[in-house]
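*Asks:* Could you have a look at this structure, given as structure tokens, before my questions?
The values are calculated or read from the model by the stated rules, or taken from the named source; none is laboratory data. Here the structure is a predicted model, which means the values were calculated and not measured. All Cβ positions, even for glycine, are placed from backbone atoms using ideal geometry, and neighbour counts span all protein chains on display. For accessibility, only protein heavy atoms count, side chains too; no ligands or nucleic acids. Shrake-Rupley method; radii C 1.70, N 1.55, O 1.52, S 1.80 Å.
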Amino acid sequence: AEWFKNKAGSNPTFPSERKTFGFEAGKVFGDKHVLPRVEASGRWSNIPICTPPRATGAAPELPTKATAAKASATNGNAAKPEKPHTLAACVWASATFHTRGNNRKVSDTMERTREWIEYHLLAGFDHIYIYDNTHANSNETDLIETLSPFTSAEVTRIEWPSLVCNNNVPAHENTGERSSQYAAENSCRERYGQYTEWMAAFDTDEYFVPMGEYDNLKDVAKDAAKKGTHVLSFHSTRAYPNSDFMSKYYDDGECGQKDNPLCMAKNDNATFLETYNCDFLPLPKPDWSERAKKQLYQPDYVLSHFVHYSTITKGILETYQESELKGGHKWQIRYTEPKKRERFTDEEKEAVLIHTKTTVPGNTKGYFRVCKKGYEATWKEKCRVGFPIPGNVLKNSSTPEGYEHNCYTNDKVTNVFVPKLRELMKKRGTFPGN
């Protein structure tokens, strides 16, 4: 079609045909195009604060208490269509990426992703949608081969070469905006939310762990739904890499030489989950850790979600009249989600989030000095290696080598999930060294 050609008269090129990275609309379509009016765009579903215009004709009949009661009775007797999935996950990932501020390059995504998928399938997720952002950054191998051990019933990969606006740190005057990630999350909810009762958008370094008597996240979600909960939030704190699963490391650069290694690195035969099962705070986590919370939510109730927050819900859209007809809670101009509908998990009895963000070897430089008991840490120089507190009972103690005990381990991860995870990965052939 003529509209699909750019001003040079040629058809647009895509990842396999071009040498530049990411999708840039201006280069593909030119600058002579304008957006159509919203009413003509056919994309009402992407504007969750609006609803499609009503058909012309007679005005709809306004509800009354009688018609509301009748509708409620009818809906109560009607069988609700069963969705194919109870739990689904949305993930925006790239084979390699740089940390905010382009400080460090991280290239363990492929290894991480296989373990992360295997674990969350074990923990109760039915399906995982991977938005592959690799081709926005480089021509390196994408995640197709990484995902090959998994079936189409378990994982769906979506090619997603959209660029981020910038990768600045949050404190920068031009704050970092990972627009590609935000768009991927909204795409996932819009496309696939209709097929699952519960959904989560999180990263391959974040693990949802069932706790207490629960061994499956499905049961956590189902029990929460029975009590009228639509959104489960998880506190987030960054874990340390456990020194028990690390070795001395050198790179003939900042990490020193073979005869004088200055850093530590994760052992190849260790899982990420067991390596980072070393949180510097005990359970339950403090209130301040909700700033980076992640959520498990019902897409039928949460109509728009943004990384850490349920931004638009059916509760927000409820009118005064609808609230009066339904009863149960008072309608307010300033809306706050009732605690019954959105709450944090009980981290000791329901589920907890372990944030296993990669600590690259360079960030452990000088561990043999800064991790010693009695060292006065600064913002720039502090211990980033975990030395587990014996029995998770803090006693202001240290290892025989003098390293201060500084992190708490999760016994359920150690005794239940890591052994099962290792077994499943070996069986599928995804365990490192297979």
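Let's see how each residue does on (1) closer than 28 Å to LEU317 by Cβ; (2) part of a helix (DSSP H, G or I); (3) touching a strand residue (DSSP E or B) at 6+ places or on another chain (Cβ under 9 Å):
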position: GLN332; (1), (2), (3): yes, no, no
position: GLU337; (1), (2), (3): yes, no, yes
position: ARG343; (1), (2), (3): yes, no, yes
position: GLU347; (1), (2), (3): no, no, yes
position: LEU353; (1), (2), (3): no, no, yes
position: THR359; (1), (2), (3): no, no, yes
position: GLY362; (1), (2), (3): no, yes, yes
position: PHE368; (1), (2), (3): no, yes, yes
position: GLY374; (1), (2), (3): no, no, yes
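*Asks:* Follow-up. Among (1) open to solvent by 40 Å² or more (accessible area, probe 1.4 Å); (2) at pLDDT 95 or above; (3) not basic (Lys, Arg), where does ASN434 come up short?
*Replies:* (2)
*Asks:* When VAL302 is evaluated against the numbered criteria (1) hydrophobic (A, V, I, L, M, F, W, C); (2) free of Cβ contacts under 8 Å to residues at least 24 places away in the same chain; (3) more than 25 Å from LYS412 (Cα to Cα), which criterion, by number, is the only one it fails?
*Replies:* Evaluating VAL302 over (1) hydrophobic (A, V, I, L, M, F, W, C); (2) free of Cβ contacts under 8 Å to residues at least 24 places away in the same chain; (3) more than 25 Å from LYS412 (Cα to Cα) leaves (2) as the failure.
*Asks:* Considering only residues that are among the charged types (D, E, K, R), open to solvent by 10 Å² or more (accessible area, probe 1.4 Å) and under 25 Å from ASP219 (Cβ atoms), which ones fall in region 110-136?
*Replies:* Within region 110-136, just ASP126 meets the criteria.
*Asks:* If I go through region 137-158 residue by residue, how many of them are out of contact with any Ser or Thr (no Cβ under 6 Å at 6 or more places or on another chain), of a type in the set (S, T, N, Q), open to solvent by 40 Å² or more (accessible area, probe 1.4 Å) and more than 24 Å from HIS85 (Cα to Cα)?
*Replies:* Here the count works out to 2.
*Asks:* Another one. Go through the residues of region 358-376 one by one and say whether even a single one is open to solvent by 60 Å² or more (accessible area, probe 1.4 Å) and within 27 Å of HIS235 (Cα to Cα).
*Replies:* No: region 358-376 contains no residue that is open to solvent by 60 Å² or more (accessible area, probe 1.4 Å) and within 27 Å of HIS235 (Cα to Cα).
*Asks:* Scan region 220-239 for residues that are under 26 Å from CYS407 (Cα atoms), buried (at least 23 other Cβ atoms within 10 Å of the Cβ) and out of contact with any Leu (no Cβ under 7 Å at 6 or more places or on another chain) and jot them down.
*Replies:* ALA239
*Asks:* So which residues in region 378-434 are among the β-branched types (Val, Ile, Thr) and either touching a helix residue (DSSP H, G or I) at 6+ places or on another chain (Cβ under 6 Å) or part of a loop (DSSP other than H, G, I, E, B) (or both)?
*Replies:* Hits for region 378-434 are THR378, VAL385, ILE389, VAL393, THR399, THR409, VAL418, THR430.
*Asks:* Shifting gears a bit: So PRO338 clears everything in (1) in contact with a Gly (Cβ under 9 Å, 6 or more places away or on another chain); (2) surrounded by 13 or more Cβ atoms within 10 Å (Cβ to Cβ); (3) within 23 Å of TYR240 (Cα to Cα) except one condition, right? Which one?
*Replies:* (3)
*Asks:* To continue, here is another question. Quickly run through region 317-358 and pick out the residues that are of a type in the set (Gly, Ala, Ser) and more than 30 Å from GLU274 (Cα to Cα).
*Replies:* SER323, GLY327, GLY328
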